[in-house]
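To keep things clear, I will list the structure first and then write my remarks on it.
The values are calculated or read from the model by the stated rules, or taken from the named source; none is laboratory data. What you are looking at is a predicted structure, and each value in this text was computed from that prediction instead of being measured. Positions of Cβ are generated from backbone atoms using ideal geometry, with glycine treated the same way; all protein chains shown enter the neighbour counts.
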Amino acid sequence: MTELPWTPCSATGIGSLPGTDPLSACTEVLQALPDLPHLPELPARGVGADVVGRTAALLVDLPIETAPAGWQVAARPGSDQRRAMSLLEEDMTALAVAAHGWAGPLKVQVLGPISLAAALGQPRGEAAVSDAGLLRDLTASLAEGVAGHLAEVRSRVPGATVVLQVDEPSLPAALTGTLATRSGWGRIAPVEEQLARSALGQVLQVHPDRAARLVHCCADRPPVGLVVAAGAGGVAVDLDRISQIDWNPLAEAVDAGAALVLGAVPTTSGRSSAQAAQQVRSLWSRLGFGLDVMRERTLVSPACGLARVSLEQAREVYRTAREAAARLAEHD
């Protein structure tokens with residue numbers, strides 16, 4: 001099997017946390033998730049700290065700005081993008097302080113090209129995802145920016161083995177033509193599967209190690225086959241959204257060498273670590289793999305980000321995920 005950059009059968013986070021202090025958040029994550037910590041996202045800081053603005057801070061030669069309908073492509077760089085870049089720099093500085101001397105895996109998250117293009121409007125127009133040419137330009141800009149971001153993380157935390165997570169919550173809707181238009185009254189035409197796969201692959205492949213590339217999709221019917229074909233070494237899904245129709249694609253992904261990051265701990269319920277571990281075991285049983293493969297290929301995570309819960313709830317979710325992973329690692 002492919003060697004993974006993290007300890008088998010361990011826990012990680014998805015990305016966002018409550019609060020506004022990046023140093024405290026980085027310290028919290030490094031302590032709570034020692035096997036695969038991540039660079040926290042703190043959207044409570046406002047415009048530019050949200051998932052779109054945070055990824056916009058990485059774009060190269062493609063300015064964006066906020067408008068009444070949300071973020072959109074802009075004619076020139078402005079204060080919104082500068083604010084996003086400033087917030088990301090604060091995060092990177094906090095990471096360098098909190099992770100000083102860190103030697104081990106460290107995950108960073110970016111919004112993927114399809115979901116970013118779905119969230120961005122064209123100037124006085126429809127979402128960028130509806131324009132194939134603009135989507136290609138956006139993808140190239142994002143890929144260049146992500147490559148620079150990974151290099152910057154490595155320079156700030158030299159001992160880190162950097163893992164890239166690309167978030168694609170809108171990918172299923174983009175492929176099926178169910179994305180709403182900016183007005184909300186219509187639907188955007190489906191994105192061609194080949195174009196989506198190519199765009200996602202262009203961003204993923206800026207990381208040289210396939211095993212360290214994850215794609216997170218917390219929507220129903222995650223396009224697992226497309227994600228693996230694009231070059232992902234791991235697929236992150238919300239376990240409560242997985243149904244029988246997803247079992248074969250997930251099994252094929254594991255056969256292809258992929259890891260599964262399973263969101264087994266809901267962010268708003270009191271599921272115990274024992275219950276979470278049992279859900280993970282049940283899925284692997286349905287996929288037709290034994291316990292050794294499960295232990296080798298599983299990461300446990302929250303179902304989604306934790307920005308909307310209290311800090312104490314976030315700590316409890318991380319603690320439950322870590323304990324569930326420990327239960328799965330036990331040999332009967």
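Points worth noting:
- Given (1) of a type in the set (Gly, Ala, Ser); (2) surrounded by 22 or more Cβ atoms within 10 Å (Cβ to Cβ); (3) modelled with pLDDT under 95, index of the condition GLY257 fails: (2)
- Close Cβ contacts (under 7 Å, 6 or more residues apart or on different chains) running from residues in the stretch 96-108 that are modelled with pLDDT of 95 or more to residues that are among the basic types (Lys, Arg) comprise ALA96/ARG156.
- Taking the conditions (1) touching a helix residue (DSSP H, G or I) at 6+ places or on another chain (Cβ under 7 Å); (2) in contact (Cβ under 8 Å) with a residue 60 or more places away in the chain; (3) not hydrophobic (A, V, I, L, M, F, W, C) in turn, SER273 satisfies each one other than (2).
- Selection of the stretch 148-166 for residues being buried (at least 17 other Cβ atoms within 10 Å of the Cβ), part of a helix (DSSP H, G or I) and either within 14 Å of the chain's Cα centre (by Cα) or of a type in the set (A, V, I, L, M, F, W, C) (or both) yields LEU150, VAL153.
- Residues that are part of a helix (DSSP H, G or I) and touching a helix residue (DSSP H, G or I) at 6+ places or on another chain (Cβ under 8 Å), drawn from the stretch 250-270: LEU250, ALA251, GLU252, ALA253, VAL254
- Residue pairs whose Cβ atoms lie under 8 Å apart, separated by 6 or more positions or on different chains, with the first residue in the stretch 19-47 and assigned to a loop (DSSP other than H, G, I, E, B) and the second among the acidic types (Asp, Glu) and surrounded by fewer than 24 Cβ atoms within 10 Å (Cβ to Cβ), are LEU39/ASP91; PRO40/GLU28; PRO40/ASP91; LEU42/ASP21; LEU42/ASP91; VAL47/ASP80.
- Pairs with Cβ under 8 Å, 6+ apart, first in the stretch 180-193 and more than 14 Å from ILE114 (Cα to Cα) and without any contact (Cβ under 8 Å) to a residue 24 or more places away in the chain, second surrounded by 12 or more Cβ atoms within 10 Å (Cβ to Cβ) and among the small types (Gly, Ala, Ser): GLY186/ALA180; ARG187/ALA180
- The stretch 213-228: number of residues that are part of a helix (DSSP H, G or I) and touching a Lys or Arg at 6+ places or on another chain (Cβ under 6 Å): 1
A quick yes/no check of all residues on (1) of a type outside the set (A, V, I, L, M, F, W, C); (2) crowded, with 18+ Cβ neighbours inside 10 Å; (3) touching a strand residue (DSSP E or B) at 6+ places or on another chain (Cβ under 8 Å):
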{"site": "TRP6", "(1), (2), (3)": "no, yes, yes"}
{"site": "ILE14", "(1), (2), (3)": "no, yes, yes"}
{"site": "ALA56", "(1), (2), (3)": "no, yes, yes"}
{"site": "PRO63", "(1), (2), (3)": "yes, no, yes"}
{"site": "GLY78", "(1), (2), (3)": "yes, no, yes"}
{"site": "ARG82", "(1), (2), (3)": "yes, no, no"}
{"site": "THR93", "(1), (2), (3)": "yes, no, no"}
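- Any chance VAL60 is within 28 Å of SER24 (Cβ to Cβ) and of a type in the set (Val, Ile, Thr): no
- The criterion of being acidic (Asp, Glu) and surrounded by fewer than 24 Cβ atoms within 10 Å (Cβ to Cβ) holds for GLU28.
Quick grid of which residues meet (1) among the small types (Gly, Ala, Ser); (2) over 29 Å from VAL237 (Cα atoms); (3) outside any loop (DSSP other than H, G, I, E, B):
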position: ASP61; (1), (2), (3): no, yes, no
position: ALA75; (1), (2), (3): yes, yes, no
position: GLN81; (1), (2), (3): no, yes, yes
position: HIS100; (1), (2), (3): no, yes, no
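- Condition met for LEU306 (surrounded by 20 or more Cβ atoms within 10 Å (Cβ to Cβ), modelled with pLDDT under 95 and either of a type in the set (D, E, K, R) or in contact with a Phe, Trp or Tyr (Cβ under 9 Å, 6 or more places away or on another chain) (or both)): yes
- The selection criterion, being buried (at least 18 other Cβ atoms within 10 Å of the Cβ), within 17 Å of VAL52 (Cβ to Cβ) and modelled with pLDDT of 95 or more, holds for ALA199.
- Checklist (1) of a type in the set (D, E, K, R); (2) more than 19 Å from ALA212 (Cα to Cα); (3) in contact with a Cys (Cβ under 9 Å, 6 or more places away or on another chain) applied to ASP137, failing item: (3)
- Figure legend. Inter-residue proximity from the stretch 148-177: first residues free of Cβ contacts under 8 Å to residues at least 12 places away in the same chain, second residues surrounded by fewer than 22 Cβ atoms within 10 Å (Cβ to Cβ), beta-carbon distance below 8 Å, spacing 6+ or different chains. Indicated pairs: ARG154/ALA160; ARG154/VAL162.
- Selection within the stretch 309-329 - within 13 Å of SER273 (Cα to Cα), under 19 Å from the mean Cα position of the chain (by Cα) and in contact (Cβ under 8 Å) with a residue 60 or more places away in the chain: TYR318, ALA321, ARG322
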